[in-house]
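Read the structure below first, then the notes.
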Amino acid sequence: MSFGRRSKFFEEFLNPRTANGIGDFLTMKLIPDIPAVYRDDLMEHFGRKPQNPNVQAVILSHAHADHANYISFLHKDIPIYCGQTCKYILDAVDEESQRTIENEVLKYKKRPAFKKNYKDPPIHRKFNTFRTGDKIKIDNIEIEPIHVDHSVPGAYGFIIHTSEGALIYTGDLRSHGTHSKMTQDFIKKAAQEKPVAMITEGTRINTGQTGESEKKVYEKSKSYLKNNKYFSIVDFNFKDIDRFTTFYNISKILGKKLVISFKHACFLERYHKDPKIKSPDSKDENILILKPKRLTGTYCDEDYTDEYIKSRLNYKNIITPEEISKKPKNYVIVLNFWYFNQLIDLKPEGGVYIHSLSEPFNEEMEISNERMVNWIKFFNMKFVQSHCSGHINGADLKNLIETVKAKKLFPIHTEKPKLFSKINLNTHIVKEGQTYKI
Ligand SMILES: [Zn+2]
């Protein structure tokens, strides 16, 4: 899913029409027109003849929307391979998202929905999960997933063993995060293979050494929250468990409780179904769950229509906005911009807002950002930017490329592929719709 391409034509109130199935996506080239890979129901709806898939598998590197979401369009018989943790995250996201044609990753109901189709049970996709050390055999090639550090757990790079040599795919990765050791494992293994080619991400190839780290995010955020006697509000991506852990640790050491939303609690609950996970869960003694105010006036549990709230109302660690307002210095509240209307119930009078997300990088984000700043100013809060990127910086990426020494380089997921030619003389600038033989 290319956010950039999608936003070239569509925005908040102008979306691809779900009622037109796959039609708007194919026509506006939001997805490539590849024969025999898409869902039968969508092909039929679009007036094409359904075809059995000629693809043996799709390998998913991690659970970010730009990598995972358009699995929604794929034929049900194409098996999806992803990391075990990645699957837990997909499950968690699936539970709390509204069903649209763009997030039918795990399961879907046949479209068009108005036919008798709607009553049929959903069709579940075939998922095969792996962990580092596993080897996946698909036809005559073998794929070796190796963990990498990224801004979501369960991210992998791949070594693809073929009869002509090894092909490396980096996925999304970085060398400055909490688990940079995992990325180093991947680079080391990739280099040992003396690969014939490498497909690499390159979102930040135009940067140098940035000096950023999760530790710096911790130190900076902590210094602002430490002596703050008023409201402490933080905003970060809920899928970024490392960032969650950073704010959990800061709150704990400062003797404050970390307040999260029901949606966030529900995500953590699913995520913790993975027995290997050690980060704090939603029932941790230092975590509270914010009960949103019902606008009918009184608190009445039947009032909550959202399933994920309803099923969790009996939790012991629930707190209301009124309770927080009485002693705001005791809490660190996780509140995303899209839920800023809850500030109206919290009524902060001063304090700190820590924006732990990337800074705006396009016009649309600038507009949102301006609106966000208006809210912060309205409640007399101080705006603090404290973040480190999920993607590898230019200097570390150059290092990676020079260490792995692949014979050919194919940069993808980048706006500046030409910059790679300076690092590897055998860089191929990929063109859309073209096939490359290695
Ligand atoms: Zn990513």
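The values are calculated or read from the model by the stated rules, or taken from the named source; none is laboratory data. It should be emphasised that the depicted structure is a prediction, and the values quoted were computed from it without experimental measurement. Neighbour counts are summed over all protein chains in view; Cβ atoms, including those assigned to glycine, are modelled from backbone coordinates with ideal geometry. For the accessible areas, the whole protein counts, side chains as well, though only heavy atoms, and no ligand, DNA or RNA atoms are used. Shrake-Rupley method; radii C 1.70, N 1.55, O 1.52, S 1.80 Å.
So here's what we get for this one:
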read-out	value
Packing-based ranking, highest mean first, of 11-17, 310-316 given that Cβ atoms within 10 Å are counted	310-316, 11-17
Cα→Cβ-extended label distance, 7 Å offset, between GLN434 and LEU313, nm	5.9 nm
Nonlocal amide H pairs with GLU142, under 5 Å, H built at 1.01 Å	HIS161
Residues whose placed amide H lies under 5 Å from that of LEU357, excluding near-sequence neighbours	SER386
Heavy-atom accessible surface of the chain: percent carbon and sulfur, 1.4 Å	51 percent
Probe 1.4 Å, accessible area per residue of the chain, Å²	52 Å²
Using θ = phi - 60° and Karplus 6.51 cos²θ - 1.76 cosθ + 1.60, couplings along the range 410-416 (whole Hz; Gly, Pro as x)	10, x, 10, 6, 8, 9, 10
In order through the range 61-68: 3J(HN,Hα) via Karplus (6.51 cos²θ - 1.76 cosθ + 1.60), integer Hz, x for Gly, Pro	7, 6, 8, 6, 4, 5, 9, 9
Surface accessible to a 1.4 Å probe, THR18 within the full protein complex, Å²	60 Å²
Alpha carbon centroid spacing (whole Å) that separates the range 58-123 from the range 21-38	16 Å
Separation between Cα centres of the range 170-210 and the range 228-268, rounded to whole Å	29 Å
Angstrom value of the Kirkwood radius, inverse mean 1/r, which spans all Cα pairs in the range 242-387	16.6 Å
Rounded to 10°, Cα long-axis angle of helix 394-404 versus longest principal axis of the chain	40 degrees
Antiparallel bridges, percent of DSSP beta bridges restricted to the chain (to nearest 5)	35 percent
Relative contact order %, the chain, counting alpha carbon pairs below 8 Å whose residues are six or more apart	16 percent
Built amide H within the under 5 Å cut-off of ASP281, gap 5+	none
Once the Cα gyration tensor of the chain is diagonalised, semi-axes √(5λ) in Å	38, 29, 20
Rh by Kirkwood over Cα pairs, then Stokes-Einstein D for the range 171-292 at 0.890 mPa s and 25 °C, µm²/s	144 µm²/s
Sum of -39500 (n - 2.57) over DSSP H runs of 4+, divided by residues of the chain (222 nm, nearest 500)	-8000 deg cm²/dmol
At R0 = 60 Å, FRET efficiency that the Cβ-Cβ distance of LYS377 and HIS124 yields, to 0.05	0.80
Where the Cα pairs of the range 1-146 fall when distances are cut into 5 Å bins, in %	2, 9, 17, 21, 20, 16, 9, 4, 1, 0
